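The values are calculated or read from the model by the stated rules, or taken from the named source; none is laboratory data. Note that the structure is a prediction, hence the values are computed from the model and not measured. As a convention, Cβ positions derive from the backbone with ideal geometry for all residues, glycine included, and neighbour counts pool all protein chains shown. Quick note on the areas: whole protein, heavy atoms, side chains included, nothing else; ligands and nucleic acids left out. Shrake-Rupley method; radii C 1.70, N 1.55, O 1.52, S 1.80 Å.
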Amino acid sequence: MICTTEERPRGPAAIVDAWGDALIAFAWRLLLTVAARVAAQSGTDLDRAGLIPAAIRATKDGVVLLPMARHTFDRVPL
């Protein structure tokens with residue numbers, strides 16, 4: 001996946017100046033962790049391993065997650 005964000009978070013300058021990079025990193029880590037867990041719970045592949053996130057899209061109605069099975073070279077036989 002390819003993800004992007006604004007260079008500088010929005011908010012009070014005192015907080016953004018001190019914690020901006022850490023807040024962006026925390027938000028991305030949280031989003032990707034939740035996406036991975038939701039994808040894994042949505043189904044399994046041929047090896048019964050949880051699906052992985054293929055795409056995440058933000059819309060005006062919320063966040064859309066597209067799960068997929070791992071590629072053949074990345075499969076983890078159980």
Would you check if residue 9 is open to solvent by less than 50 Å² (accessible area, probe 1.4 Å) and in a loop (DSSP other than H, G, I, E, B)?
yes
Pick out the one residue from 14, 27, 54, 40 that is touching a Gly at 6+ places or on another chain (Cβ under 9 Å) and either touching a residue at least 60 places away in the same chain (Cβ under 8 Å) or among the aliphatic types (A, V, I, L, M) (or both).
40
Please determine whether any residue of the range 50-69 is more than 17 Å from the chain's Cα centre (by Cα) and of a type in the set (A, V, I, L, M, F, W, C).
no
Looking at the range 26-47, which of its residues are open to solvent by 40 Å² or more (accessible area, probe 1.4 Å), modelled with pLDDT of 90 or more and assigned to a loop (DSSP other than H, G, I, E, B)?
none
Per-region count, the range 43-78, residues under 20 Å from residue 3 (Cβ atoms) and polar (S, T, N, Q)
1
Restricting attention to the range 48-68, report how many residues are surrounded by 12 or more Cβ atoms within 10 Å (Cβ to Cβ) and in a strand (DSSP E or B).
11
